[in-house]
Each structure stands twice: as C-alpha cells, then as structure tokens.
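Here is the structure we will look at.
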Amino acid sequence: MKYLFLSLFALSILHCVTAQQTQKPPLHGKNWMAVTGKPLAAEAGAMVFQKGGNAVDAACAMIAATCTMWDVLSWGGETQALIYNPITKKVIAINALGFAPTGASADFFKNKGMNFPPEYGPLAAVTPGTPGGICYMLAEYGSMSLKERAPWYFKKVVMRLMQPVP
C-alpha cells in the first residue's frame, strides 16, 4: 500500500511538471489591453481603443461582440460591471439584470393561484438586461458615438435591438 501511494504521488508530480502549455500567446500592452474568451470580441475592443475610445467603450464593444458570437451568452442575459472613475476616484456598479414585464404584478400572479412568480418557465422570465446595460454604460461613461464605436461585425445587431418592435 505504501508503494502504491508513493507511485501515485510520483505520477501526480510528473503530470504537473509535464503539463501541456497553453496555446494562447502572452499578451503585452503599453497603453491598453482588450481580452475576452473570444478573439474576435477582443478585436472589437482593440478597434475601439485604436479609434480613441475609453475602457467603457471598448468593454461594451467586447460585450456586444461576445453576445453575438457566443451561443451560451447571447443577448438575452444580464450584465454586471464595475467601472472605476479616475476623476471622482469612485467605483460605479452597474447591474443590468433586466426587469419584469409591466403586466407581471402581484395581482397577476395571485389571480393565477400563485403566491410568488414561478422559478422556471415563461412567467419567470425578465426582459434581457444586457442591451439596456450596454446603452446605459455607453451613454453615461463612454466617450464615442454609437456609430464610432460599433465595428462592422456587430453594428447591425446593436442597431436592430434599438429599433422598436412592430
């Protein structure tokens, strides 16, 4: 038993020493850096920085691009952000969770025999918070117009989300 334990211990050390290195290159930045789980989304942030945008502009571009490209995230989710304002030296917290539809009142659920909204299903849904969160962050803390900050590969998606539903 003692030898089995020592063998397993030696194999675990050998595995750690010979673990495969990451395939991603090291990143170096002098004035800014744009990093996401999707390289094209990081490119969106880099494009915004190169055009003179600030960190909020770049972060919103990366969120929008990631929502467009990443099937598990999409536009239907929520967004939280912490933004440091170097002028006021304060951290601003953004919680773009979304909100319940107008008709989802306490009376609505009580008339359906429920004390609380259900945990799952269509009556539990809130409106997506990500589009509103992005628009709020850009309006309050961004430095560029939407036309300047929206690269070609997600500009149409953002503009379509801002159009009223017929």
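Values in this text are rule-based calculations from the coordinates and carry no lab data. Here the structure is a predicted model, which is why all the values come from computation and not from measurement. Backbone-built Cβ (ideal geometry, glycine too); neighbour counts: all protein chains shown.
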> What is the fewest-to-most order of GLU78, GLU119, GLU140, GLU43 by other Cβ atoms lying within 10 Å of their Cβ?
Replying inline: GLU119, GLU140, GLU78, GLU43
> What are the extents of the Cα atoms of region 33-162 along their three principal axes, listed from largest to smallest and rounded to whole Å?
Replying inline: 56, 35, 24
> What ranking do THR79, THR36, THR127, THR88 get, fewest neighbouring Cβ atoms within 10 angstrom at the top?
Replying inline: THR88, THR127, THR36, THR79
> What order do you get for LYS51, LYS110, LYS89 when you list them from fewest to most C-beta neighbours inside 10 Å?
Replying inline: LYS89, LYS110, LYS51
> Of all chymotrypsin sites (Phe, Trp or Tyr not before Pro) in region 61-123, which ones are in loop regions per DSSP and have a Cβ with at most 12 other Cβ atoms within 10 Å?
Replying inline: PHE99, TYR120
